[in-house]
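Enquirer: My questions will all concern the structure given below.
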Amino acid sequence: MVNDREPGFNCSLLSDLGARLWNPDQDVSMEEKEEVPTHLNPINSSGGFHVVSTDKLAVHYTSSQLHGHDVGVVQANCPAPVKTLAYYFEIFVKNAGLKGQIAIGFTCENFKMRRQPGWEANSYGYHGDDGLLYRGQGKGESFGPTFTSGDTIGGGINYATQEFFFTKNGKLVGTVYKDVKGPLFPTIAVHSQNEEVHVNFGQQQFVFDIEAFELEERRKQQIMIEKESLPLSLSHLIVRSYLIHYGYEETLNSFDAASRTTLPPVHVAQENGFMEESEMYALNHRKILRQLIRNGEIDSAFSKLREWYPQLVQKETSTICFLLHCQKFIELVRAGLLEAAVNYARAELAKFFKDSPLCSLLQECIALLAYEEPQNSPVGHFLNMAQREAVADAINTTILSTNPNLKDSQHCLHSHLEKLLRQLSACCLERRALNGDQGEAFHLHKVLSSGSKGDRR
Amino acid sequence: MSLFWFVVGQLASTETMSTSKKVITREEWEKKLNDVKIRKEDMNKLVMNFLVTEGYVEAAEKFRMESGTEPDIDLATITDRMAVKKAVQSGNVEDAIEKVNDLNPEILDTNPQLFFHLQQQRLIELIRNGKVEEALEFAQEELAPRGEENQSFLEELERTVALLAFEDVSNCPVGDLLDISQRLKTASEVNAAILTSQSHEKDPKLPSLLKMLIWAQNQLDEKAAYPRINDLSTAALEDPSI
């Protein structure tokens, strides 16, 4: 609708922009938010034999009955989160009571209450009185030390290795393969008179250093990944093609000049000379237009486009025109020329209201007028440098699409780097989806914000 | 009887279900790829991180101007770091050691192995230049005491001194020490130590991410057939082979 010639292209261009430009503050990691256990669930517990404290973070066995079906079991308020590397919680044994028959473990939702975790199918428990690990049956297997009054015991799930792990007083006791699917509830049990256990779902500092555990787990994974070998100079090649794609011409020239003198020499494949030429398409034009837009000189950008690529700006209602007109309006608001901005909007932007896909974007943009301090308004992101960069990117891509040597207009939409990163994200997500949604996803943003300080390998 | 076969049939079908791979068509996969959000800003950071870590100081400066991406390190320190690296690469080890100490004397103080490797490189350069007497004196005074402290240093020292025993080093078993790759190895060790001293990672993130892509595709291969990128340099998606 926006551009009769290449509707498909403009469509993806817009959706791309939508993701990048119009919601810059949308945090990708928000999708990963899961409910985490915060307290014990006194309703879904065996009841009668024990009392859950009013803060729902402690349990006390008051009864003197000791029948095997009178266990004081209580689950957390929700299952352990799965979209993470590991989950962990701890208990503190305040009082081991008469027999110290305390257990920590994980159980499934329909776990039979009144039984120790580990005694029933699909449940796992580390028991204090014998130090045994129980998984799904009444007979335990040798696992670790016993635990009693004053001990802090932890239970966790390592989603990377698909194992449960247990700790005692800050030290890892052991691991056991997690042979169960579906949600798992952190579970504690008491089973003799006066037993009292407090639980810590992370509200307080853990005795066990879970961060170090996770770091080590990531390091192990990193070692596996580092074993893969890369073709010579691949990173160099990808950076170079990124610079070409976005028209960062001056960076490219410096990069190439430096590459000629590096030791060891960088081997850039020679055979794809043709591809190279095609990638270099309109490099200088794209660089100049990017600079103009980055400097807020929209009128100049318009006139350059009219001179070089008249076909792109011929149609007054094309997406590219829309973006530049919007940007011009934004620059006027930035300069405080509100009257000029209003006039400009009437002259150039009003006509886009007919165009439904652009309408809501336009409305947000014009909303800048409504605020005394547009910079600090809910639509303040329009005034960020990232907005100019995004418009420049859109113009850049549109120019690339005019390359006559291009077989497929979709091909130029993303840089090689972006295609590879998308593939990486999709592979990680798909693998997790096939693994019961367990484990961490890949987020470039997290990778980039981690490790530059302090994390020395 | 019929119920029996029905159950067997059911079992067989669940069996194949669990062992056969999930097939993801190109169309489905492209939709998933489109749902991925990659921030331009993050890609810029990734590129800047590469330029900075690999020491492309001018390109980093230009990239800062052209893309507005701030480097994660003071660009001036790259020039110094690259000067040290170049000095080692061209055999001026003494000069390199001086430059490292100017940058931060703690780097060599806290890194005995690096210091030893630099001294070893210096010895190699003396031998290369035929300065036998000077080499012997240097080995005895500077390197031997360190060899006494550390067994692996001693072995390396002995290996290096062995170079002196050959008139024609081109055929000697430790000739690799004279190879350019030995200089590059030492140079990259110094480079890494300087970066670490500046609280910066010693390796760029991009190669790790590319390796991660290869790894992630291999991992997913076990569970699904999907369009792969086999040639990372073209980033072309190839249809799954079923």
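Enquirer: Please check: in the Gaussian network model of chain B (C-alpha springs, under 10 Å), which one of B:ALA187, B:ALA87, B:ALA162 has the largest mean-square fluctuation.
Expert: Maximum among the listed residues: B:ALA162.
Enquirer: If contacts are Cα pairs under 8 angstrom and at least 6 residues apart, what is the relative contact order of chain B in percent?
Expert: 25
Enquirer: Between A:HIS445 and A:ALA257, what length comes free when the chain is fully extended (0.36 nm per residue of separation minus the Cα-Cα distance, one decimal in nm)?
Expert: 64.6 nm
Enquirer: Report, in whole Å, the centroid distance computed from the Cα atoms of the range A:54-91 and the range A:306-361.
Expert: Cα centres, the range A:54-91 to the range A:306-361: 61 Å.
Enquirer: Taking the Cβ-Cβ separation of A:GLU109 and A:MET224 as r and a Förster radius of 35 Å, what is the calculated FRET efficiency to the nearest 0.05?
Expert: 0.55
Enquirer: Could you list, bin by bin from short to long, the percent of Cα-Cα pairs of the range B:40-116 in 10 Å steps?
Expert: For the range B:40-116, the pair-distance distribution reads 18, 40, 26, 14, 1.
Enquirer: Determine the relative contact order of the range B:77-141: mean sequence separation of Cα pairs under 8 Å and six or more apart, normalised by residue count, in whole percent.
Expert: 24
Enquirer: Using the beta-carbon distance between A:VAL342 and A:GLN314 and R0 = 25 Å, what value does 1/(1 + (r/R0)^6) give for FRET efficiency, to the nearest 0.05?
Expert: Between A:VAL342 and A:GLN314 the formula returns 0.40.
Enquirer: Shifting gears a bit: Subtract the Cα-Cα distance of B:THR110 and B:SER90 from 0.36 nm times their separation in residues, and report this length gain in nm to one decimal.
Expert: Taking B:THR110 through B:SER90 to full extension adds about 4.7 nm, to one decimal.
Enquirer: While we're looking at this one, here's another question. Compute the distance in nm between two label points, each set 7 Å from the Cα along the Cα-to-Cβ direction, one at B:THR196 and one at A:ASN169.
Expert: Taking the two extended label points, one gets 3.4 nm.
Enquirer: Taking the Cα atoms of the range A:353-402, report the difference between the largest and smallest coordinate on each principal axis, in whole Å and largest first.
Expert: Computed over the range A:353-402, the largest-to-smallest principal extents equal 41, 28, 11 Å.
Enquirer: In Å², rounded to the nearest 100, what is the total accessible surface buried by chains A and B against each other with a 1.4 Å probe?
Expert: Counting protein atoms only, the buried area is about 6400 Å².
Enquirer: Give me the one-decimal nm value for the distance between modelled label points at B:ASN230 and B:GLU167, 7 Å along each residue's Cα-to-Cβ direction.
Expert: The modelled label-to-label distance comes out at 5.6 nm.
Enquirer: Kirkwood Rh over alpha-carbon pairs of the range A:106-155, then Stokes-Einstein at 10 °C and 1.306 mPa s: what D in µm² s⁻¹, rounded to an integer?
Expert: My calculation gives 143 µm²/s for D.
Enquirer: In addition: Given the protein chains as shown and a 1.4 Å probe, how many square angstrom of A:ASP299 are accessible, to the nearest 10?
Expert: We get 90 Å² for A:ASP299.
Enquirer: Related question: In a Gaussian network model over chain B where Cα atoms closer than 10 Å are linked, find which of B:SER197, B:SER20, B:SER188 has the largest mean-square fluctuation.
Expert: Checking each option, the largest mean-square fluctuation is seen for B:SER20.
Enquirer: Where does each of A:LYS354, B:LYS45 land when they are ordered by accessible area, with a 1.4 Å probe and the largest first?
Expert: A:LYS354, B:LYS45
Enquirer: Here is a further query. In the range A:125-148, whose amide N lies under 19 Å from the spot 7 Å out along Cα-to-Cβ of A:ASP179? List them in ranges.
Expert: Zone members listed by number: A:125-127, A:132-144.
Enquirer: Taking only the alpha-carbon atoms of the range B:105-169, what semi-axes of the equivalent ellipsoid follow from 5 times the gyration tensor eigenvalues under a square root, in whole Å, largest first?
Expert: Working from the Cα gyration tensor, I get semi-axes of 21, 13, 10 Å.
Enquirer: Accessible area per residue, 1.4 Å probe, Å², for the range A:307-457: what's the number?
Expert: 44
Enquirer: So if the hydrodynamic radius of the range A:280-360 is defined as the Kirkwood radius over C-alpha pairs, what does Stokes-Einstein give as its diffusion coefficient at 37 °C and 0.692 mPa s, in µm² per second?
Expert: The Stokes-Einstein estimate is 245 µm²/s.
Enquirer: How charged is the neighbourhood of A:ALA121? Take every other residue with its Cβ under 12 Å from the Cβ of A:ALA121, and add Lys/Arg as +1 and Asp/Glu as -1.
Expert: Local net charge: +1.
Enquirer: Any idea how far apart A:GLU216 and B:GLU134 come out in nm if each label point goes 7 Å out from Cα toward Cβ?
Expert: About 5.0 nm, to one decimal.
Enquirer: Given q = 0.22, 0.28, 0.32 Å⁻¹, what are the Debye log10 I(q)/I(0) values for the range A:205-253, with equal point scatterers placed on the Cα positions and solvent ignored?
Expert: Summing over Cα pairs of the range A:205-253 leads to -0.80, -0.96, -1.06.
Enquirer: Taking the convex hull of the alpha carbon atoms in the range A:120-185, what volume per residue do you get, in Å³?
Expert: Taking only Cα atoms, the range A:120-185 has a hull volume of 90 Å³ per residue.
Enquirer: Rounded to the nearest 0.05, what FRET efficiency do B:ASN101 and A:GLN363 give with R0 = 56 Å and r taken as the Cβ-Cβ distance? Could you check?
Expert: 0.35
Enquirer: Also: So what is the orientation-averaged projected area of the protein assembly as shown, using the convex hull of its C-alpha atoms, in nm²?
Expert: Result: 43.6 nm².
Enquirer: Then there is this: Please work out, to two decimal places, the log10 of the ratio I(q)/I(0) at q = 0.07, 0.09, 0.13, 0.17 Å⁻¹ from a Debye calculation in which every Cα of chain B carries one identical scatterer.
Expert: With no solvent term, the Cα-only Debye profile gives -0.44, -0.63, -0.92, -1.18.
Enquirer: Which percent of the Cα-Cα distances in the range A:184-223 go past 15 Å?
Expert: For the range A:184-223, the fraction of Cα-Cα distances above 15 Å is 64 percent.
Enquirer: How many angstrom lie between the C-alpha centres of the range A:372-442 and the range B:213-231?
Expert: When both Cα centres are located, 22 Å separates them.
Enquirer: A further question follows. Normalise the Cα radius of gyration of the range A:340-453 by 2.2 N^0.38 Å (N = residues in it) and let me know the number.
Expert: Here the Cα radius of gyration is 1.49 times the empirical estimate.
Enquirer: Where Rh denotes the Kirkwood radius from the mean inverse Cα pair distance, what is Rg over Rh for the range B:132-223?
Expert: Dividing the radius of gyration by the Kirkwood radius yields 1.19.
The values are calculated or read from the model by the stated rules, or taken from the named source; none is laboratory data. Note that the structure is a prediction, hence the values are computed from the model and not measured. Every residue, glycine as well, gets a Cβ built from its backbone with ideal geometry; the counts of neighbours run over all protein chains shown. Side chains included, ligands, DNA and RNA excluded: accessible areas come from the protein's heavy atoms. Shrake-Rupley method; radii C 1.70, N 1.55, O 1.52, S 1.80 Å.
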